[in-house]
Amino acid sequence: MDCYTANWNPLGEETFYRKLELYSMEWGLREDLRDCVVAAAPYGGPIALLRNSRWEKTPSARPLLEIYSASGLLLASVPWKSGRLVHLGWTAGEDLLCIQEDGTVLVYNLFCEFKRHFSMGNEVLQNHVLEAQVFHTEFGTGVAILTGALRFSLATNIDDLKLRRLPEVPGLQKPPPCWAVLTQDRVTMVLLAVGQELFLLDNTSCSVVSPPGLSPSAGPFLHMAVSFTHRHLALFCDSGTVWMGMASLKEKFCEFSTGVRSPPRQMVWCTRPRSRQRAVVLAWERQLMVVGNSSECIRFVLDEDSHLVPELDGVRILSRTSHEFLHEIPEASQEIFRIASMAPGALLLEAQKEYEKESQKADEYLREIREQQLLPEAVGQCIEAAGYEHEPDTQKSLLRAASFGKCFLDKFPPEGFVRMCQDLRVLNAIRDYQIGIPLTFTQYKQLTIEVLLDRLVLRRLYPLAIRICEFLRLPAAQGVSRILAHWACCKVQQKDKSDEEVAQAINHKLGDAAGISYSDIATRAYDCGRAELAIRLLEYEPRSGEQVPLLLKMKRSKLALGKAIESGDTDLVYTVVLHLKNELNRGTFFMTLQNQPVALSLYRQFCRHQERETLKDLYNQDDNHQELGNLHVLGGYREKRIEGRVAALQNALDEFYKAKNDFAAKATEEQIKLLRLQRHLQEELDKPYLDLSLHDTVSTLILDGHHKRAEQLYRDFRIPDKRYWWLKISALATRGDWEEMEKFSKSKKSPIGYLPFVEVAVKHHNRYEAKKYAPRVPPEQRVKAFVLVGDLEQAADAAIERKNEAEMNLVLSRCSAGTDGAVAEKLNRARAQLLKK
């Protein structure tokens, strides 16, 4: 702590840079990095190496593709057996992209396990790849190619591959000395230098651009670099001048003369987010230079060959023996640790140190801060600065100072302090040499804890990932359960254990944890060629809807059908049944359904609405003549032609006879007879009779005055007398044929009595006709008949004669005070006499 600022290097008046050693690399490289194809993933990611020096010296020897952690621990290696490699790059998900000379891109995971490949197109295949770059945009990870025909092709997202061939650059005779990929307004472009000119290629055009404010003597462009965020651009010229500005080439930040005319091996941006300083790092063989908007620069001597890795808030520097991080000192750290600083955070740190020494100076420092009312700011500075520190001792010192200051504040919210302590414990754990993920606090916040957990899982560091989840108390579905599920998917790939052992181990570890999908794990097992293990794992899956699709994919259709029926989900059963129908031949399919009554019943319902011919075959196979007859009846009434309908009903009649259903057979036979008669009536009378019921046919004939034809139907179809009389008097009343109705009433004794005659006449507002039938009504119904026709006097006499109090009350209820007074009086006297008795 006493020499804390010893490695601070000023760039201008207010900005300092420092170089920290992250790890001492022990990867045992014999070659210089310049003899290897190197690619390091951002956010403290892994390092890929292809040692290609042997390829040139001994073509028969295979180059070796190796992947290391950032601390130099070997994760995996594999002999390179493919074509000549042009470029290595990493995706956002930490998959390694190997771009070959023929335009094929091979994708490997962290453990050198091949995942897939894709091609950059036939043109690239024919002309070969001269240079390539992997870049990251909001769309995903992209690849840009310069072909032997000096044309650029690019794909902005390798997960949704859409190749674009950019326009030709006029006058381009040889590969450009430098080019870069830019992203502006969601459009990806290529910027390249040809001599002293810059060309910008977009989807449709090639335009000449020029950086604003560039000195005329700058000379041709030899190198260019785009910042980590794609917002800034740096250009190195033949004169040793570095131009820095916006990537849109609309604004210049500064221009610096390095004094070195040879092009740097690498040039990358080194800028902290929201910093006022814009700096670029240039690396030559034995020199590292940091230049910015200042008249001075920072120079470092490189003892060995190095490789620069741009990061969000700095630059990682790789060499054979060390892994360093160059970055700008954050403002909070400057305020606290700068020599002779009187910032609140610096005073609070000193106060805490003096307090530990039991010195009274602690009170003096603390009083000075409180008098200026800057104690909350001092606590906040210490907390913020702790996040930017890599050494745990410095972190603890700053956090102790913040905790000390909090004790003198009444309402200081503790959440920020607690969250910083949690974040630092996580960061210190993953920075450990054995883990090798040197994330800074800024990178960690940009990456998010979810992505960090994904990266730990991809490295198969399951115990650490689970401990972090438990420490941060993340929800099970987002944390522990998700990690365990990934562990299980990795476990099923172990070939040295039996299916039973693996299934039991997974179930013992996972149990009924929330958010775990055994079907996903079973799918992975099936993809790995372990079908029996997949079936065992599916037994632990509680949701049948998740079991069935995989069983169908595995061609275990009968087992899938059983699971679907157990679930009680009819949609799921239908899914399996229809799958079986497409998979099996007709006979086997029907036999399979015979053993599953529920599935058979549901399939019959489906066929009833969708496939009637199939349903017919099902009933034929079962000799179910009753249902076949019903099916013929339904089919018959879908026929528009009467001949087809009669034929279908005749088939139904035959099936009903076979089913020994006499009632259905008789009813069908009479329906056929009725249809033929209706067709005859329709042809003869030129009026629609088809599709009428027997009763409606009789009523219609009576309404049309065809009484003899109605009588014939009455006799032919043996319509009951009561029903026929009701039909006839209703039709006659509707027609208004009162004379025919009176004649009909006298033809013979009415089987329904004569009250219906009264009711029908009254219903059709003809009380005059109704009165003709009232006297013929039997005594027990006569009072009601007279009331209906409005003859209250006759009704009263009938009620008194029958000595029926209820009927008397009925008549009284219809009497009005004025006109029916005598009738009411007569009824009241009769009621009184009845009550006396």
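The values are calculated or read from the model by the stated rules, or taken from the named source; none is laboratory data. Since we're looking at a predicted model, the values are computed, not measured. Note: ideal-geometry Cβ built from the backbone for every residue, glycine included; neighbour counts use all protein chains shown. These accessible areas exclude ligands, DNA and RNA; they are computed on the full protein's heavy atoms, side chains included. Shrake-Rupley method; radii C 1.70, N 1.55, O 1.52, S 1.80 Å.
List of remarks:
- Under a 5 Å amide H cut-off, with hydrogens placed 1.01 Å from N, residue 184 pairs with 189 among residues at least 5 apart or on other chains.
- Value of relative contact order over the chain, rounded to a whole percent, pairs C-alpha under 8 Å and six or more apart: 5
- For the chain, the longest principal axis of the C-alpha atoms and the axis of helix 721-735 are separated by about 80°.
- Accessible carbon and sulfur surface of the range 121-237 relative to its total accessible area, %, 1.4 Å: 48
- Cβ-derived FRET efficiency at R0 56 Å, residue 200 paired with residue 643, nearest 0.05: 0.10
- Think of it as helices only: each DSSP H run of n ≥ 4 in the chain is worth -39500 (n - 2.57), and spread over all residues that comes to -14000 deg cm²/dmol at 222 nm.
- Accessible solvent surface per residue of the range 477-577, calculated while the other protein chains remain in place, 1.4 angstrom probe, Å²: 48
- Share of carbon and sulfur in the accessible heavy-atom surface of the range 325-390 [1.4 Å probe, %]: 43
- Calculated accessible area for the range 714-813 comes out at 54 Å² per residue, all protein chains present (probe 1.4 Å; ligands, DNA, RNA ignored).
- Cα gyration tensor, the chain - rounded (a/c under 1.5), prolate or oblate: prolate
- Student exercise, the range 244-297 dipole from Lys, Arg, Asp, Glu Cβ charges, in Debye to nearest 20: 180
- Ranking 421, 382 from most to least accessible surface, computed with a 1.4 Å probe over the protein chains only, gives 421, 382.
- Dipole magnitude of the chain about its Cα centre (Cβ charges: Lys, Arg +1; Asp, Glu -1), debye to nearest 20: 3840
- With both labels modelled 7 Å from their Cα along Cα-to-Cβ, the residue 460 to residue 685 distance reads 9.0 nm.
- For the range 352-476, the equivalent ellipsoid derived from the Cα gyration tensor has semi-axes of 34, 15, 11 Å, listed largest first.
- Label-to-label distance, residue 338 versus residue 173, with points set 7 angstrom from Cα along the beta-carbon direction: 5.5 nm.
- The trypsin sites (Lys or Arg not before Pro) found in the range 407-498 that occupy coil by DSSP, while having at most 10 further C-beta atoms within 10 Å, are 411, 473, 495.
- Residue (of 109, 127, 88) at the positive-pole extreme of the range 85-136, dipole from beta-carbon charges: 109
- Ordering of 91-101, 790-800, 245-255 by burial proxy (mean other Cβ atoms within 10 Å per residue, highest first): 790-800, 91-101, 245-255
- For the chain, the longest principal axis of the alpha carbon atoms and the long axis of helix 570-583 meet at an angle near 80°.
- Here the Karplus curve 6.51 cos²θ - 1.76 cosθ + 1.60, taken at θ = phi - 60°, turns the phi angles of the range 94-109 into couplings of 6, 9, 8, 9, 10, 9, 8, 5, 8, x, 7, 10, 9, 10, 10, 8 Hz, with x standing for Gly and Pro.
- A dipole drawn for the chain from +1 and -1 charges on Cβ atoms has a positive end, and of 697, 830, 510 the residue lying farthest that way is 830.
- Solvent-accessible area per residue for the range 236-362 (1.4 angstrom probe, square angstrom): 41
- Hz values of 3J(HN,Hα) by residue in the range 198-213 - Karplus curve (6.51, -1.76, 1.60), Gly and Pro given as x: 10, 10, 10, 9, 10, 5, 10, 9, 10, 10, 8, 10, 9, x, x, x
- Average Cα contact separation per residue, the range 188-303, under 8 Å, 6 or more apart, as relative contact order %: 15
- Check: the range 1-145 dipole with +1 on Lys, Arg Cβ and -1 on Asp, Glu Cβ, in debye: 600
- FRET efficiency, 1/(1 + (r/R0)^6) with R0 35 Å, evaluated for residue 35 and residue 116 via beta carbons: 0.75
- Summing Lys and Arg as +1 and Asp and Glu as -1 over all other residues whose Cβ lies under 12 Å from the Cβ of residue 189 gives a net charge of 0.
- By the rule of a C-alpha distance below 30 Å, with chain neighbours fewer than 8 residues away ignored, the lysines paired with residue 495 are 81, 115, 509, 553, 555, 558, 563.
- Using alpha-carbon coordinates, inclination of helix 499-510 to the longest axis of the chain, degrees: 90
- The range 159-169 - phi-based ³J(HN,Hα) in whole Hz, Karplus 6.51/-1.76/1.60, Gly and Pro as x: 7, 9, 5, 9, 7, 10, 9, 7, x, 6, 8
- Each residue, residue 209 and residue 716, gets one label point 7 Å from its Cα in the Cβ direction; the gap between the two is 9.4 nm.
- For peptides 264-273, 730-739, sequence by mean Cβ density within 10 Å, most packed first: 264-273, 730-739
- Cβ-based charge dipole, the chain, positive-most Cα from 651, 730, 25: 730
- Using the Cβ of residue 153 as centre and a radius below 9 Å, the other residues enclosed give a net charge of +2, where K and R count +1 and D and E count -1.
- Summarising the overall dimensions of the range 669-781 from its C-alpha atoms, the Rg and Dmax are 15.1, 48 angstrom.
- Relative contact order of the range 504-587, pairs being alpha-carbon contacts under 8 Å that are 6 or more residues apart, as %: 20
- When the solvent-accessible area of the range 437-548 is split by element, carbon and sulfur atoms take up 50 percent of it, the probe being 1.4 Å.
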